[in-house]
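Report on the structure given below.
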Amino acid sequence: MKNTRTNIMAATRKLIVEKGYSDMTTKDIAKEAQVNEATLFRQFGSKKELLLATLREADWVPSVNKNIINRFQWDLAKDLRLIMEEYLKQVTPEMVRFSLGLRAQEIYEETMPYVRKIPAAFIELLGGYFIEMVEKKEIEIRDPKESAEVIFSSMIGFAFLHAYSSSEQYEREAANFISHSTERFIHGLK
C-alpha cells in the first residue's frame with residue numbers, strides 16, 4: 001500500500017514537470033504509476049488532494065541542512081560559495097520545472113506555502129550568517145535580510161533562467177555563476 005502511494009506521488013511529480021498541473025489528468029497519473037484510476041481516487045480522493053499530499057509527504061522541497069552552519073569557516077568568499085553550491089545542488093532544473101508546474105491558477109493559493117519554504121529557509125540562513133559576520137566586524141551592511149534577499153534573488157534567477165538546461169550544462173554554468181557571483185557579492189558586501 002505504501003509503495004502504491006509512493007508510486008502515485010512520484011508519477012504526480014513527474015507529470016507536473018512534464019505537463020503542469022492543469023494539463024495533467026488523473027488518467028495520466030494512474031497510467032504513469034501503473035495503477036487503476038480508482039486506486040488513485042481511493043488513496044487521495046481527487047487530483048488536488050493528491051497534489052497536496054505529494055507536497056506534504058514527499059521529499060521534494062530543498063532544505064537548508066543545519067549542518068551547513070558547522071561547515072562555515074567565517075570567510076565570506078568560502079561561505080558564500082558553500083551556500084550557493086548547496087542551493088544550486090538542490091534546486092535543479094527539474095525542481096524548478098516542478099515549481100513552475102505548481103503555479104496553476106486553480107491551486108496557486110494551496111501550493112504557494114510549500115513553494116515559499118525554499119526562499120524562506122535560504123534567506124534565513126544567509127541573513128543569520130550576515131548578522132554574525134557584522135558582529136564579527138567582517139562586513140559592514142545596514143540590512144542583513146535585504147542583502148540575503150538580493151543574493152537569494154540572484155540564485156533563484158539563475159535557476160529559473162536555466163530551468164530547461166541539461167544536467168551537465170546546468171552544472172557547468174552553475175559553477176561559473178557561483179564563481180563570478182561570489183566575487184561580485186564580496187565586493188558589494190565589504
Which sequence of 164, 108 reflects their accessible areas, 1.4 Å probe, from the largest down?
164, 108
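Is segment 90-190 best put as rounded, prolate or oblate by its Cα gyration tensor, with a ≥ b ≥ c the root eigenvalues, rounded for a/c under 1.5, and otherwise prolate when a/b is larger than b/c, oblate when not? Before the final figure, lay out each step's value.
Numbers: a/c = 3.20, a/b = 1.44, b/c = 2.22.
Oblate, because a/c is 1.5 or more while a/b does not exceed b/c.
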Cα pair distances in segment 1-110, grouped into 5 Å bins until the bin that holds the longest one, percent each:
2, 11, 20, 19, 14, 10, 8, 7, 5, 3, 1, 0
How many nm separate the modelled label positions at residue 138 and residue 77, each set 7 Å beyond the Cα in the direction of the Cβ?
1.3 nm
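Could you work out the relative contact order of the chain, using alpha carbon pairs under 8 angstrom and six or more residues apart, expressed as a whole percent? Mind showing how you got there, number by number?
Values: 169 pairs, mean separation 45.0, N = 190.
Contact order relative to length: 24 percent.
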What distance in nm separates the simple spin-label points at residue 171 and residue 49, each placed 7 Å from Cα in the Cβ direction?
4.1 nm
Considering the dipole of the chain built from charges on the beta carbon (Lys and Arg +1, Asp and Glu -1) around the Cα centre, which of 76, 17, 46 is farthest to its positive end?
46
Any idea of the accessible area per residue across the chain, 1.4 Å probe, to the nearest Å²?
56 Å²
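Put 162, 180 in order of accessible area, largest first, 1.4 Å probe: what do you get? Kindly include the intermediate steps, with their values, before the conclusion.
Values: 162 35, 180 80 Å².
Correct descending sequence by accessible area is 180, 162.
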With Rg from the Cα atoms and Rh as the Kirkwood inverse mean 1/r over Cα pairs, the chain has an Rg/Rh of 1.06
The helix 2-19 Cα axis meets the longest alpha-carbon principal axis of the chain at an angle in degrees, between 0 and 90 and rounded to 10, of 70 degrees
Would you be so kind as to identify which of 128, 91, 4 lies farthest towards the positive end of the dipole of the chain, taking Lys and Arg as +1 and Asp and Glu as -1 on Cβ and the Cα centre as origin?
4
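Over segment 56-139, what is the relative contact order in whole percent, taking alpha-carbon pairs under 8 Å and six or more residues apart? Before the final figure, lay out the partial values.
Details: 30 pairs, mean separation 31.2, N = 84.
Relative contact order for segment 56-139 comes out at 37 percent.
The values are calculated or read from the model by the stated rules, or taken from the named source; none is laboratory data. Everything numeric in this text was worked out from a predicted model, so none of it was measured. Glycine gets a Cβ as well: all are built from the backbone with ideal geometry, and neighbour counts include every protein chain shown. Ligands, DNA and RNA are excluded from the accessible area calculation, which covers all protein heavy atoms including side chains. Shrake-Rupley method; radii C 1.70, N 1.55, O 1.52, S 1.80 Å.
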